[in-house]
1. When you go through (1) in contact (Cβ under 8 Å) with a residue 24 or more places away in the chain; (2) over 30 Å from LYS300 (Cβ atoms) one by one for THR530, which number turns out not to apply?
2. Is it the case that the range 445-452 has a residue that's of a type in the set (Val, Ile, Thr) and within 19 Å of the chain's Cα centre (by Cα)?
3. Does the range 384-401 include one or more residues that are free of Cβ contacts under 8 Å to residues at least 40 places away in the same chain and either assigned to a loop (DSSP other than H, G, I, E, B) or within 21 Å of the chain's Cα centre (by Cα) (or both)?
4. How about the range 523-556: which of its residues are of a type outside the set (Asp, Glu), in a loop (DSSP other than H, G, I, E, B) and modelled with pLDDT of 95 or more?
5. Step by step: first the residues of the range 67-76, then only those that are touching a residue at least 40 places away in the same chain (Cβ under 8 Å) and within 18 Å of the chain's Cα centre (by Cα), then the one that is surrounded by the most Cβ atoms within 10 Å (Cβ to Cβ). Which residue is that?
6. How many of the residues in the range 284-321 are surrounded by fewer than 19 Cβ atoms within 10 Å (Cβ to Cβ) and farther than 19 Å from PHE143 by Cα?
Amino acid sequence: MRRPHLRRLTLVLLASVSIAACGKREAKAPAAAPEAAAPAAPVAPTAEEIAAESQRLGAWFDAKYEEELDFSPIHRTFLGDKKDYDKIDDLSEAGEDAQLAWRKATVDELKAGFDRAKLSPEAQTSYDLWIYQYDQAAKADAFRRQQYVFTQMQGPQAFLPQFLIAFHKVESGADMEAYIARIAGVARGIDQLLDRAKAGAAEGVRPPLFAYEGVIEQARAIITGAPFAGTGDSPIWADVNSEIDTLLKDGKIDATKAEELRNGARNALVEKIGPSYQALADWFEADKANADKIATGVWKLPRGREFYQERLAATTTTDMTAAEVHQLGLDEVARIRGEMESIKEKVGFKGSLEDFFKFVREDKQFYFPNTDEGRAAYIKAADEKLAFIKGKLPEYFGLLPKAGLVVKRVEAFREQPGAAQHYFAGTPDGSRPGVYYAHLSDMNAMPIPQLEVIAYHEGNPGHHMQISIAQELTGVPKFRTQADFTAYSEGWGLYSELLAKEMGAYADPYSDFGRLTTEIWRAIRLVVDTGVHDKEWTEEQAVAYFMANSPAAEGQIRSEVRRYIVWPGQATGYKIGMLKILELRTKAQEALGDKFDIRGFHDAVLGGGALPLGILERRIDEWIASKKAA
């Protein structure tokens, strides 16, 4: 295994020598040069100075983080903060410019105002992380026009309505008025993003045809039904009526106020959302002829290969090249196939591994019925697996999440057959639980052998645990409780799948095969993502490779490949992050011997929030040193 590493900056120190010119003078023997005085050794800061400087820096970070949150009312709402509750982020390029300029100014202020040498190790990590985040944002900004703005995969056309419906909490008439104001804000945001999509298209940046079709379908779903044309209620209007009815029932508003709010929401939908979403659907419909019918990667875009390398670096937090990532994927696929062969033999299957893939992919025993009863059974089974693992957590963790966790079906207007399950964090105060969302529109794309492992990845000990613990941290600045690095967070999610086996999960060998199915899935991602974006594979080539090395359902596989095509680099973080965490665990076990404690290791990994992999390694090295000294 190649060990990922961060790009190291080499510092070259130049000594300058001053030469004084001498005037004409009588020649004589040169005087002996006086010995240069030895430079004074730097005075190490005292413990009191370190504590004071670290405390001052922490207060500075918290003040700056409040300023940063002013750029994103949406993120404030995710945190349960109702400041700017009637607003939506500025999603224009000008808005992005303003935020980047602000961040650069804070980095300049940080470097000028604080002495890193006088900080505690934890404060030094915060110092480094603030600068790292700016550096990453600046590098990404250079490729802003290469990014696909609207796609079928978690595009803003679906996310913004979901934000209103699922995350804007309505507890009063004033909250409902803010909701209505935000309806207009969503429309403005869609207009701004459409301008950005048009600017990208003018430079030759377009997602493939399937993304166009997904955007059009999702946009039209938002404006179908009352108060627009069509039968039934549109998604936002249905939620508006539900929220107003609840306020009326609870006595928080009267009938007159309820009618006023309903009229206001209706007007905002018809006059704002309707035209914006119609314009979005119309433009994508008109531009479809310019989209590639044969989908491939971003290598074809202006500066596409540079863009892809930037995306790999941002996702993996390493300097691995596309070729190195591709080879790592091939090596991991080969290794995991060997483990799959062992399970095939264990269950007594006669035939090749490819035959076993076909059996697991197609046999009806591995699927719930494609009915509402089948969907309910899937959620019930996921709840049961999560309840089992929750009881085992104290044996492996000292830090435990306080926030609750629920399993839900994805809302109908954004549900996609075979699409990846995902997690949305709860609020730091626990008032809103974390949510594990499952796409259940097609139960034939949801194999039962993979149910258990996906529940652990999205829930405990995976994303819910990692993100909840980060949000609940009190010993670090607030910005670190919300930091996010794909290689860390998704690496932890994949590591937690394997950890669950150590905790006693996957008693059924087919469930353990499901675990290997998801692990090889992440190894395949390394091959396919780089194949598509660097080696110029088409969608069909990527699907064929995936099918040859995984028993996943074809619907799942095609949805996954399309995700990689429109979201370059993102899928590579999982396996690279997992391998780094496993490497650090082995390093700690070998260094500490009998002093190694799995609970302490996990707390060290999770106790600092999300980190780039290089900084995470430094943190674990410090933890190892502290345990050796104990």
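The values are calculated or read from the model by the stated rules, or taken from the named source; none is laboratory data. Note that the structure is a prediction, hence the values are computed from the model and not measured. When we count neighbours, we look across all protein chains shown, and the Cβ atoms used for this are built from the backbone with ideal geometry, even at glycine.
1. (2)
2. Residues of the range 445-452 that are of a type in the set (Val, Ile, Thr), as a first pass: 448.
Subsequent filtering for residues that are within 19 Å of the chain's Cα centre (by Cα) retains none.
No, the range 445-452 contains no residue that is of a type in the set (Val, Ile, Thr) and within 19 Å of the chain's Cα centre (by Cα).
3. no
4. Going through the range 523-556, the residues of a type outside the set (Asp, Glu) turn out to be 523-528, 530-533, 535, 537-538, 541-553, 555-556.
Filter once more, keeping what is in a loop (DSSP other than H, G, I, E, B): 535, 537-538, 550-553.
LYS535, TRP537, THR538 - these are the residues of the range 523-556 that are of a type outside the set (Asp, Glu), in a loop (DSSP other than H, G, I, E, B) and modelled with pLDDT of 95 or more.
5. Quick first cut of the range 67-76, residues touching a residue at least 40 places away in the same chain (Cβ under 8 Å) only: 68, 74-75.
With within 18 Å of the chain's Cα centre (by Cα) added as a condition, the list becomes 74-75.
On the way: ILE74: 20, HIS75: 13.
Once the filter is applied, the top-ranked residue is ILE74.
6. So the answer is 10.
This table checks each residue for (1) crowded, with 22+ Cβ neighbours inside 10 Å; (2) touching a helix residue (DSSP H, G or I) at 6+ places or on another chain (Cβ under 7 Å); (3) closer than 27 Å to GLY304 by Cβ.
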residue	(1), (2), (3)
ARG182	yes, yes, no
VAL186	yes, yes, no
GLU203	no, yes, yes
THR224	no, no, no
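Matching residues to (1) in a helix (DSSP H, G or I); (2) closer than 30 Å to ALA281 by Cα:
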position: ASP84; (1), (2): no, yes
position: LEU100; (1), (2): yes, no
position: LYS104; (1), (2): yes, no
position: GLU122; (1), (2): yes, no
position: GLN136; (1), (2): yes, no
position: PHE159; (1), (2): yes, yes
